[in-house]
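To start, the structure itself, in structure tokens.
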């Protein structure tokens, strides 16, 4: 009985070992385990003895895998095929070498919906009574040829010398969404819309609908010396409809604008858990360049624990023709805790 069990155990061990992937390095050593993501010239390999390690393809002499792989190209199209590594290059089961300049990732993480919710709250009691709250939310997803992004923001505050005399000092909310369609790895067209309301600024509502083209200069590109960068620029046109509590007689309540925007994201090499960002949008009226809207932000988020993060940002809104008696510029400083998925 003992001999039979030993033979069965040995057979199971051999079967499991046969199914394991094996990577052979230039040094002559090898690892067994499971080959994972190949991106930015490196293989993520979960070794039986060492756990997860990253190995540069240039240091790999041979990689033998037991399953088929999903190849993601720069235009986000995918193809399933049997792959291995020979002398630092990816080759298919027919011995053909893949052009790594055209490969974005091997076995990429399946795309799904991502998003975040951040909340900031402040309360004061004593010589000054104050309540303030900010809620920011984002929802986004990337498909092979399409990308969707939506943002929601709500800002509220009230203050006064006593609890009974508190008055609203901020009451603003906004909702915007954009859909991009990629015609190549870099070039895309977009449609977007935005609705906003700000009682304190005298803005009953502003609705915007636009379309244009964008260029994705960098899409999560990893630079060895600095970290991972994403940067895109957009140009287009939009139609704006707004209503003010007391409108400037020289301002139109409906007009066409041009649109320029850019978006930057940065994950530093020394701490990939930090995401720095900067966005800018400029919309001048086509037939009256003195009337324009501008918005910019800059900030960062950093992972605290699990999927919880800390958000710090500065937002700036500028309206060259605001409601009569209101200022053109609004600046918001936001520090909030959030959850990201």
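When every residue of the stretch 93-100 is checked against the conditions, none turns out to be in a loop (DSSP other than H, G, I, E, B), assigned by TED's automatic domain parsing to the domain that holds residue 225 and modelled with pLDDT of 75 or more.
Within the stretch 250-270, residues that are in the same structural domain as residue 204 (by TED's automatic domain parsing) and in contact (Cβ under 8 Å) with a residue 60 or more places away in the chain sit with their Cβ atoms under 7 Å from residues that are surrounded by 15 or more Cβ atoms within 10 Å (Cβ to Cβ) and part of a loop (DSSP other than H, G, I, E, B), at 6+ positions apart or across chains, in these pairs: 251/321.
Taken together, the residues in the stretch 152-171 that are surrounded by 16 or more Cβ atoms within 10 Å (Cβ to Cβ) and closer than 20 Å to residue 238 by Cβ amount to 1. Residue 321 meets each of the listed conditions (1) over 19 Å from residue 120 (Cα atoms); (2) assigned to a strand (DSSP E or B) apart from (2).
In summary, residue 194 fulfils each of the numbered conditions (1) in contact (Cβ under 8 Å) with a residue 24 or more places away in the chain; (2) more than 23 Å from residue 122 (Cα to Cα) with the single exception of condition (1). Taking the stretch 305-336 as the range and being at negative phi, surrounded by fewer than 15 Cβ atoms within 10 Å (Cβ to Cβ) and out of contact with any strand residue (DSSP E or B) (no Cβ under 6 Å at 6 or more places or on another chain) as the test, the residues that pass are 305, 324, 327.
Of everything listed in (1) touching a strand residue (DSSP E or B) at 6+ places or on another chain (Cβ under 8 Å); (2) closer than 22 Å to residue 149 by Cα, the single unmet condition for residue 184 is (1).
The values are calculated or read from the model by the stated rules, or taken from the named source; none is laboratory data. Quick caveat: nothing in here was measured; it's all calculated off a predicted structure. Methodologically, a virtual Cβ is constructed for each residue, glycine included, from the backbone with ideal geometry; neighbour enumeration extends over all protein chains shown.
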